[in-house]
Amino acid sequence: MTTSNPQPQPPALPDTPCYLNGEFTALKDAKISVMDRGFIFGDGIYEVVPLYGGRPFRFAQHMARMERSLAELRIANPQTRQGWQDIAMKLAADYALQQHTSPEKLDLLVYIQITRGVAPRDHVMLPGLTPTVFVMINSLRPVPPEQRAHGVACVTADDFRWSKAHIKSTSLLGAVLARQISADVDAVETVMFRNGVLSEGASSNVWVVKDGKVMGPPCDNLVLEGIRYGLIEEICREAGIGFELRRISREEVFAADELLLSSATKEVLAITKLDGKPVGNGQPGPVCAKLYAAYQRAKQAHTEQA
Ligand code: PDD
């Protein structure tokens, strides 16, 4: 009898609906050319948009960021905002149908990717290419209740990514290498510093709370301006919580009362351990609780408008 452990199997691709270059199809059937510049150069951009109550949340802001990313790559937007919304809603309806429910009852995540298109390999941005357009949909997996209740452990690393982090580029090797640093020690995110100054997480923004005030790095080329930047600022203004964007040193991060992560999937999530040291008293703090509650109210209000 053999006692060898079975090899870990890669997860199967879900049989979910997607959109590729004008066609709605199943994810497992969607294929692109090996000469797509997204594959050859990572020459593309993406967006990740949550849908609550069957409608995209903060859609105008996601579209505005996507337009900024496309402009940086000099790729013409292949759809209008309404066109993108129609594709997202059709995928949501098809996905819900597969689940024998309606989209209003699901929390969903739409992923949009646009690359420069297919061409012989040449670094130059060849004009006249037809962009490759891919959109897929998944259910939005909530943060596990245990992480929500107790916060998460993160580790720090140098931000060795490129200096155009404001582009939501599909060239994500830097982010993949950064994220693996935390994954290797069973931590949830890698908090990055450039020359001793806070930038962001591998796939999230990082916030520092000190003396009741929320602080984040400025929205320059060193961070991706998360859609939650604007939302957190609005929530702070409404709740009378101080809010400031400025350079934040490594020492300030380690002296924080609270640390938070934000992203489409994490919403706002407390970091309670950094490099093995407790943050504040080691439990999610009161500012995190206020921001999280207000975030849930914003989602609820969006759902009720549907
Ligand atoms: N990541 N910073 C980086 C580097 C990110 O990749 C993300 C999002 C954010 C937060 O942005 P937003 O609040 O708009 O989700 C900040 C997405 C979720 C991803 O790559 O899957």
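Summary table
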| item | result |
| --- | --- |
| Ordering of 118-127, 231-240 by packing [mean C-beta count within 10 Å, highest first] | 231-240, 118-127 |
| Shape category assigned to the chain from the gyration tensor of Cα positions, a/c cut at 1.5 | rounded |
| Under 5 Å, built H, 5+ apart or other chain: amide partners of residue 201 | 192, 206 |
| Surrounding net charge for residue 25, when Lys and Arg each add one and Asp and Glu each subtract one, Cβ distance under 15 Å | -1 |
| Solvent-accessible area per residue for the chain (1.4 angstrom probe, square angstrom) | 50 |
| Lysines whose Cα lies under 27 Å from that of residue 105, excluding same-chain neighbours fewer than 8 positions away | 28, 90, 266, 290, 299 |
| Prolate/oblate/rounded call for region 1-119, Cα gyration tensor, a/c under 1.5 rounded | oblate |
| Amide proton proximity set for residue 258, modelled H, under 5 Å, gap of 5+ | 209 |
| Estimated FRET transfer efficiency when R0 is 22 angstrom, pair residue 41-residue 180 (beta carbons, to 0.05) | 0.50 |
| C-alpha long axis of helix 81-98 to longest principal axis of the chain, angle in ° | 90 |
| Added length on full extension, which subtracts the Cα-Cα distance from 0.36 nm per residue, residue 81 to residue 173 | 30.2 nm |
| Net charge contributed by nearby residues that have their C-beta within less than 15 Å of residue 272 (K/R +1, D/E -1) | -2 |
| Net charge of neighbours whose Cβ lies under 13 Å from the Cβ of residue 35, counting Lys and Arg as +1 and Asp and Glu as -1 | +1 |
| Accessible carbon and sulfur surface of region 145-304 relative to its total accessible area, %, 1.4 Å | 53 |
| Exposed chymotrypsin sites (Phe, Trp or Tyr not before Pro) absent - longest run of the chain, DSSP non-H/G/I/E/B, at most 13 other C-beta within 10 Å | 1-159 |
| Helix-only CD estimate at 222 nm, as mean residue ellipticity for the chain, using -39500 (n - 2.57) per DSSP H run (n ≥ 4) | -9500 deg cm²/dmol |
| C-alpha long axis of helix 173-183 to longest principal axis of the chain, angle in ° | 50 |
| Overall form of region 130-178 per C-alpha gyration tensor (a/c, 1.5; a/b vs b/c) | oblate |
| Other-chain or far-sequence residues with amide H under 5 Å of residue 51's (modelled H) | 57, 108, 109, 110 |
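The values are calculated or read from the model by the stated rules, or taken from the named source; none is laboratory data. Just so you know, these numbers come straight off a predicted model, no measurement behind them. Cβ coordinates were reconstructed from backbone atoms using ideal geometry, including for glycine residues, and neighbour counts include every protein chain displayed. SASA here: full protein model, heavy atoms, side chains in, ligands and nucleic acids out. Shrake-Rupley method; radii C 1.70, N 1.55, O 1.52, S 1.80 Å.
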